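Q: I am attaching a structure below and will ask some questions about it afterwards.
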Amino acid sequence: MNVREAAASLLATVSERSPLSEEWPGLDVDTAYAIQDEALRQRRARGETLIGVKLGLTSRAKQQRMGIDSPLLAWLTDAMVLPAGVPVPSDALIHPRAEPELVFVLGRRLAGPGVTAATALAAVDRVYGGIEVIDSRYADYRFTLPDAVADNGSSAYFGVGPVGLPPAALDLSLEAALLEVDGQIVDTATGAAVQGHPAEALALAANALAARGLALEPGWLVLTGGMTDAVPLRRGSRVAAHFSHLGSITLSG
């Protein structure tokens, strides 16, 4: 299997499969990012537009479970956006889960290396609350870090809430989210769960992309990572995220 074949195989997966690393012994993170980039090329070839990036494994707890000390990056395209009121296309997913996120919209280009949280936040135009729907192609969400990177960070869909504020209007480390499933609050967290501060995640994204000769572009969205653990999104269920100052967003399965 080569990079092109691996990317095509992951894009074509419609049911649980074994981790890619079991078919590709020695798969490393750099090769996994090459697979991720090739999958993006194939998605753009079929008409999708690149609109930003997401971070995964940004919470310390998730990193410890995976045995890593840094998040992963993945691409966002317009095909992943869920407009308000549109149900999650459950028929196209395998085992979706949902998690609340803080979402940045960039006002200017942000290029590393050497980006700090302060310089990263200065590039942000607006902050929104959102929900990301993740959906690993791997059985039982069992994978190594290279597997997750190659799978574009278990990306599926995301929705963005109705309230956007300038970052100066918020204390992002204290901005809280309540995660509700079918009317019951099941989890809560603040922005501090994301690398200590979501701006740290943004800086990390800019610096990591710089190592690949890339940058965060004006107008891009950046999903900074799940604030809580992800919860299963079952057919017919409703998942809502209620933020301190960024309003609420609800997705239905």
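Q: Could you run through the stretch 125-155 and say how many residues are surrounded by fewer than 22 Cβ atoms within 10 Å (Cβ to Cβ) and among the hydrophobic types (A, V, I, L, M, F, W, C)?
A: 2
Q: If you don't mind, another one. What pairs come up if the first residue lies in the stretch 17-32 and is free of Cβ contacts under 8 Å to residues at least 12 places away in the same chain and among the basic types (Lys, Arg), the second is in a loop (DSSP other than H, G, I, E, B) and surrounded by fewer than 18 Cβ atoms within 10 Å (Cβ to Cβ), and their beta carbons are under 6 Å apart, counting only those six or more places apart or on different chains?
A: Pairs that qualify, where the first residue is free of Cβ contacts under 8 Å to residues at least 12 places away in the same chain and among the basic types (Lys, Arg) and the partner is in a loop (DSSP other than H, G, I, E, B) and surrounded by fewer than 18 Cβ atoms within 10 Å (Cβ to Cβ): there are none.
Q: While we're looking at this one, here's another question. So which residues in the stretch 38-63 are farther than 26 Å from Thr190 by Cβ, open to solvent by less than 60 Å² (accessible area, probe 1.4 Å) and among the charged types (D, E, K, R)?
A: Within the stretch 38-63, Glu38, Arg43, Glu48 meet the criteria.
Q: Go over the candidates Pro100, Pro83 one by one and state the one that is open to solvent by 10 Å² or more (accessible area, probe 1.4 Å) and either in a strand (DSSP E or B) or closer than 22 Å to Ala241 by Cα (or both).
A: The unique qualifying residue is Pro83.
Q: Just one of (1) at positive phi; (2) without any contact (Cβ under 8 Å) to a residue 24 or more places away in the chain trips up Gly225, so point out which.
A: Result: Gly225 fails condition (2) only.
Q: Which ones in the stretch 213-253 are touching an Asp or Glu at 6+ places or on another chain (Cβ under 8 Å), at pLDDT below 95 and open to solvent by 60 Å² or more (accessible area, probe 1.4 Å)?
A: Asp229
Q: Okay, moving on. Of all residues being among the aliphatic types (A, V, I, L, M) and within 13 Å of Leu82 (Cα to Cα) in the stretch 156-170, which is least open to solvent (accessible area, probe 1.4 Å)? Just the residue, please.
A: So the residue we want is Ala156.
Q: Kindly indicate the residue of the stretch 65-92 that is within 18 Å of Glu200 (Cα to Cα) and of a type outside the set (Asp, Glu) and also modelled with the lowest pLDDT among those meeting that condition.
A: The qualifying residue modelled with the lowest pLDDT is Ile68.
Q: Is one or more of the residues making up the stretch 138-147 in a strand (DSSP E or B), under 16 Å from Trp75 (Cα atoms), in contact with a Phe, Trp or Tyr (Cβ under 9 Å, 6 or more places away or on another chain) and touching a residue at least 40 places away in the same chain (Cβ under 8 Å)?
A: For the stretch 138-147, residues in a strand (DSSP E or B), under 16 Å from Trp75 (Cα atoms), in contact with a Phe, Trp or Tyr (Cβ under 9 Å, 6 or more places away or on another chain) and touching a residue at least 40 places away in the same chain (Cβ under 8 Å): absent.
Q: Please count how many residues of the stretch 196-227 are in a loop (DSSP other than H, G, I, E, B) and not small (Gly, Ala, Ser).
A: Within the stretch 196-227, residues that are in a loop (DSSP other than H, G, I, E, B) and not small (Gly, Ala, Ser) number 8.
The values are calculated or read from the model by the stated rules, or taken from the named source; none is laboratory data. For clarity, every value in this text was computed on a predicted model and none was experimentally measured. Heads up, the Cβs are rebuilt from the backbone with ideal geometry, glycines too, and the neighbour counts pull from every protein chain shown. Only protein heavy atoms, including side chains, enter the accessible area calculation; ligands, DNA and RNA are left aside. Shrake-Rupley method; radii C 1.70, N 1.55, O 1.52, S 1.80 Å.
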